[in-house]
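The values are calculated or read from the model by the stated rules, or taken from the named source; none is laboratory data. Fair warning: this is a prediction, and the values are worked out from it, not measured in the lab. Glycine gets a Cβ as well: all are built from the backbone with ideal geometry, and neighbour counts include every protein chain shown.
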Amino acid sequence: MVIENSIKERVQLFLKRNEANMGTTIGIKFLKISREEMIAEMPVDERTVQPFRVLHGGASVSLAETLCSVGAWVHLPENKTAVGIEINANHHRPVKEGGKVTGTAIPIQIGRTIHVWETKIEDERGKLICTSRCTLAIVNIER
């Protein structure tokens, strides 16, 4: 995994504490964590397909929001976190069960109280299967 040097210590602590959650349950694996670009892959298997054995749109949205939320989080001080307030997704083509997809998220707007990120998800052939835009609110962590 590639981790931007300026955030390496914080991200390694995050990954060490990364207990079971939706992302780990559906098999999301981070490949790159940085302030400029987030990349992760996700299997297309029994955890992420719909009844007709193709990638579930909700799984694609889960991958996108996971990338965007963690991407926004690396920009924040320790007393803040990012929470999704809106997400949309366009599903361009189906992906059959087997193999994996890769999502790449980039920041569109990094503000003090709102972030906007865009995600593109591709299949193993590099074909675009989903585009998504996520708006996140920056909030205080309650202790």
Inset, instruction - Filter region 2-30 down to residues that are in a loop (DSSP other than H, G, I, E, B) and polar (S, T, N, Q) and give me whichever is farthest from Gly57 (Cα to Cα). - result: Asn18
Legend entry - Residues that are within 25 Å of His75 (Cβ to Cβ) and of a type in the set (Lys, Arg), drawn from region 13-52: Lys16, Arg17, Lys29, Lys32, Arg35
Inset, instruction - Run down Val49, Val116, Val70, Val74 and say which single residue is crowded, with 18+ Cβ neighbours inside 10 Å, under 22 Å from Ser6 (Cα atoms), in contact with a strand residue (DSSP E or B) (Cβ under 8 Å, 6 or more places away or on another chain) and without any contact (Cβ under 8 Å) to a residue 60 or more places away in the chain. - result: Val70
Legend entry - Hey, His91 surrounded by 21 or more Cβ atoms within 10 Å (Cβ to Cβ), at pLDDT 95 or above and of a type outside the set (Gly, Ala, Ser) or not: no
Inset, instruction - Could you list, in sequence order, all residues of region 46-68 that are more than 16 Å from Ile26 (Cα to Cα) and under 15 Å from the mean Cα position of the chain (by Cα)? - result: Cys68
Legend entry - Index of the failed condition, Leu31 passing every other in (1) surrounded by fewer than 18 Cβ atoms within 10 Å (Cβ to Cβ); (2) touching a His at 6+ places or on another chain (Cβ under 9 Å): (2)
